[in-house]
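Derivation of every value follows stated rules applied to the coordinates shown; laboratory data play no part. Quick caveat: nothing in here was measured; it's all calculated off a predicted structure. So basically every Cβ, Gly included, is an ideal-geometry build from the backbone, and we count neighbours across all protein chains shown.
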Amino acid sequence: MPTITYVLKDGNEKTVAAANGKTLMEVAIANNVRGIDAECGGCCSCATCHVYVDTAWLGKLAPPDDMEDELLEGVAADRTHASRLSCQIVISDALDGLVVRVPVTQG
């Protein structure tokens, strides 16, 4: 089972086991990761599950599709080249060890 590390806004880290096929957002909610609000429940319509993917992992992810890209334009925290919506990243063995940072604000 892959492990994912969420770096919280206070700098603390929370590393959790993640089942393949789940999204980063679902894993965060199931493990009470503070700062992932996920107001829309994962249907890519609110951008409150924004994370910053560690740059070492960016090349292992497909780029955001048009819908995600548009929603990332309206995130509350600064958008960077590493910004992604955690509801759009599906866990697989290839993501074992993934590190993402939770922004200071979501809404």
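The string of couplings for region 58-68 from the Karplus curve (6.51, -1.76, 1.60, θ = phi - 60°) is 4, x, 8, 10, 5, x, x, 7, 4, 5, 5 Hz, one whole number per residue in order, with x for Gly and Pro.
Using the Cβ of Gly41 as centre and a radius below 15 Å, the other residues enclosed give a net charge of -2, where K and R count +1 and D and E count -1.
Note that region 42-96 shows a convex hull volume over its alpha carbon atoms of 80 Å³ per residue.
Here the Karplus relation 6.51 cos²θ - 1.76 cosθ + 1.60, evaluated at θ = phi - 60°, turns the backbone of region 91-100 into coupling constants of 5, 8, 4, 5, 9, 4, x, 3, 10, 10 Hz, with x for every Gly and Pro. Summary value for region 3-101: 41 percent relative contact order, contacts being C-alpha pairs under 8 angstrom separated by 6+ residues.
Neighbours of Ala18 by Cβ distance under 11 Å: Lys/Arg scored +1, Asp/Glu scored -1, total -2.
Of all DSSP-defined beta bridges confined to the chain, some 75% are antiparallel rather than parallel. Net charge within 14 Å of Leu95 by Cβ-Cβ distance, Lys/Arg positive one each and Asp/Glu negative one each, not counting Leu95 itself? It works out to a net charge of -1. Between amide H atoms placed 1.01 Å from N, distances below 5 Å from Val99 occur with Thr5, Asp54, all of them 5 or more places distant or on a separate chain.
Extent of region 3-101 along its three principal axes (Cα atoms, max minus min coordinate, largest first): 30, 26, 23 Å.
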